[in-house]
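Visitor: Below is a structure I'd like to ask you about.
The values are calculated or read from the model by the stated rules, or taken from the named source; none is laboratory data. The structure presented is a predicted model; accordingly, all values stated were derived computationally and were not measured. Ideal geometry is used to build each Cβ from the backbone, glycine not excepted, and the neighbour counts take in all protein chains shown.
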Amino acid sequence: MNTQGTVKTTTSIMVTNNQFFYISPETYLEGERVSPIKHEYRKGQVYAMVGAKKSHIVLGANLTTLLNIHLLDSPCLVLNSDIKVRLEEANCYYYPDIAVVCDEKEINNTDDFILYPLLIIEVLSKSTEAFDRGQKFSDYQTCPTLKEYVLIQQDKIKIECYRRDESGSWTEKIYQAGDEVESFSINYQVSIETIYRKVPGFSDNSDH
């Protein structure tokens, strides 16, 4: 395979040359503000993002709506995939599917990225799953304010929630059909069927 200009499916889609060329965070941000497409940034490399499947979009919309309603009277903000998370220690910028911020330093900040997410949600796809579980999760763990990292399957009813306890350790909780999904970081509970409602491929959801 010719690797010149190869497209690699690591994060969303990684576009790079076969030779490493370091891009500074400042150069990345400057280019991202005028780019017609979104890119993620990891340790000097830039990754172009591609469009999502309908099930991915519906899951994201469902969760954004549910979380916005739950947090309506709180100072917290629910942000969709148009906002970047800046991970300073890991030297990364990622676009999570959903991020919740409650830190007062974020509420009135007009930057095009956030620094203090409390909750991050990613909808998995075949091309991103390994990266979301591995390197990306490791990078997110460097964020001191992050309390929960949630991975959502789009081809089956399954949600994995990783929680950081007071000692800094992460524990995993898996939710499947019939379960009530809990988010301790924002004190929220909802049936998993509500999250998957109207998602293509789950026809029985129309009855819930």
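Visitor: Given (1) modelled with pLDDT under 95; (2) in the same structural domain as GLY201 (by TED's automatic domain parsing); (3) more than 16 Å from the chain's Cα centre (by Cα), where does ASP82 come up short, assuming only one miss?
Guide: (3)
Visitor: Within the set of pairs 6+ apart or on separate chains, which have a first residue in region 24-49 that is within 14 Å of GLU88 (Cα to Cα) and not assigned by TED's automatic domain parsing to the domain that holds THR110, a second that is part of a helix (DSSP H, G or I) and not small (Gly, Ala, Ser), and C-beta atoms under 6 Å apart?
Guide: From residues that are within 14 Å of GLU88 (Cα to Cα) and not assigned by TED's automatic domain parsing to the domain that holds THR110, the pairs are TYR41/TYR28.
Visitor: Could you list, in sequence order, all residues of region 60-108 that are out of contact with any Pro (no Cβ under 6 Å at 6 or more places or on another chain), assigned to a strand (DSSP E or B) and farther than 20 Å from VAL50 by Cβ?
Guide: Selection gives LEU77, VAL78, LEU79, ARG86, LEU87, VAL100.
Visitor: Failed condition for GLU193, given (1) touching a strand residue (DSSP E or B) at 6+ places or on another chain (Cβ under 9 Å); (2) of a type in the set (Asp, Glu); (3) closer than 24 Å to LYS54 by Cα, with all others met?
Guide: Of (1) touching a strand residue (DSSP E or B) at 6+ places or on another chain (Cβ under 9 Å); (2) of a type in the set (Asp, Glu); (3) closer than 24 Å to LYS54 by Cα, only one is false for GLU193: (1).
Visitor: Among the residues of region 153-169, is any surrounded by 17 or more Cβ atoms within 10 Å (Cβ to Cβ), touching a Ser or Thr at 6+ places or on another chain (Cβ under 8 Å) and not in a strand (DSSP E or B)?
Guide: Yes, the conditions are met somewhere in region 153-169.
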